[in-house]
Amino acid sequence: MKFIDEANIFVRAGDGGAGIVSFRREKYIPMGGPDGGDGGDGGSVYVIGSSDLNTLSDFRHTRRFVAKNGKRGQSKNCTGARAEDVVITVPLGTIITTLEHGELIVDVADNQSDPVLIARGGFHGLGNTRYKSSTNRAPRQCTPGSAGEQFDLKLELKVIADVGLLGMPNAGKSTFIRSVSAARPRVADYPFTTLHPNLGVVSVAPHRSFVVADIPGLIEGAADGVGLGIQFLKHLYRTRLLLHIIDVLPAESDQPPVESARKILHELKKYDESLHQKPRWLVLNKIDLLNQDEQSEICEAIVDGLKWKGPVYRISALNKEGVKLICHDIMKYLEADESL
């Protein structure tokens, strides 16, 4: 199924049913009083999160969600039927905003279990019985129901993962996620092999696991909309740790590792300072292509060139060298973070 992480929809709640003017007319009660009933409330529109969904692909074809109007009142003081509500099911991690102004309506978090109102149905109109008084024995007024709310909304799905993989195209992110989990993203030697986020569950031990997200690679200008990265940077918001994966031996046509890493960090900071401040580990990948002397020289040069102070790991995602160690360290970090 194609991953879709953005969708625009239209929602409209139902209008309230109108009240009516009616009088009791029976054989032996020729001058009966008012008996016009109220209308019914219009249906509202709710949204609820589901862990069974992981994409917004259902909204490719269904983009309108319209609740029905309440029924009008009836004689004999009968109230019109209330319209049924409409419930929209979305994946956990979906953020809903107004399309025109970008105002936040609801953030469907991972602990979301109850429906959230996003468009309120119209209130019922009043029948003429409501207007009966000692001075007005035969009221002839009633009110229409109020209009239901309607909105053009934007749905954005932010992947919920513990760890996000950050790096240039072809840095080895997809190979890494294949080596540590059961996820099987496409792997090839051309840019943008990953065209949508991939999620993998890394099981370190029984009942000890974490979720890692493979985000499409960034390029220079990503924060300004160049390439694919800008479409997916938002998925890093929900991660608790970033792994900055660097190819220690890029192709001759590619930038030196230090320069490309600096540009990644620049794009991250330019896009959002909070992402730039998120905990981040440096992962030097493809060390299997270097002998021991080259490995030490190149890796140390990258660390020194970036003036890196945080954790550093040397791995070969293809051969799974160093992968077990980093997974255990990630698990320890996440467990310690939860205990704080």
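Bear in mind that the values in this text are calculations on the coordinates, not laboratory data. Since the model is a prediction, treat every value here as computed from it, not as a measurement. In this analysis, Cβ positions are derived from the backbone assuming ideal geometry, glycine residues included, and neighbour counts consider all displayed protein chains.
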message: If a paramagnetic tag sat 7 Å from the Cα of Q150 along the Cα-Cβ line, which residues of the stretch 53-74 would have the backbone N under 16 Å from that point?
response: 63-70
message: Suppose a student asked you for the relative contact order of the stretch 1-157, using Cα pairs under 8 Å spaced at least 6 residues apart; what percent would you report?
response: 36 percent
Simple label model, 7 Å out from Cα along Cβ direction - V116 to K270, nm: 3.2 nm
query: Which option, (1) 27, 23, 20; (2) 33, 30, 16; (3) 62, 18, 15, is the value of semi-axes √(5λ) of the Cα gyration tensor in Å that was calculated from these coordinates?
result: (3)
task: Pop a pseudo-label 7 angstrom from the Cα along the beta-carbon direction at both K132 and K278 and give the gap in nm to one decimal.
output: 6.4 nm
statement: In nanometres, the difference between 0.36 nm per residue of separation and the alpha-carbon distance of A81 and V303 is 73.0 nm
task: Determine, for each peptide in 126-137, 316-327, the mean count of other beta carbons within 10 angstrom over its residues, then list the peptides with the highest first.
output: 316-327, 126-137
query: Taking the simple approach of a point 7 Å from Cα along Cα-to-Cβ for both S296 and H207, what is their distance in nm?
result: 4.4 nm
query: Pairs K173/K309; K68/K132; K173/K234; K263/K324: which exceed 26 Å Cα-Cα?
result: K68/K132; K263/K324
query: What is the packing order of peptides 148-159, 60-71, 10-21, 288-299, taking the mean over residues of other C-beta atoms within 10 Å and listing the highest first?
result: 10-21, 148-159, 60-71, 288-299
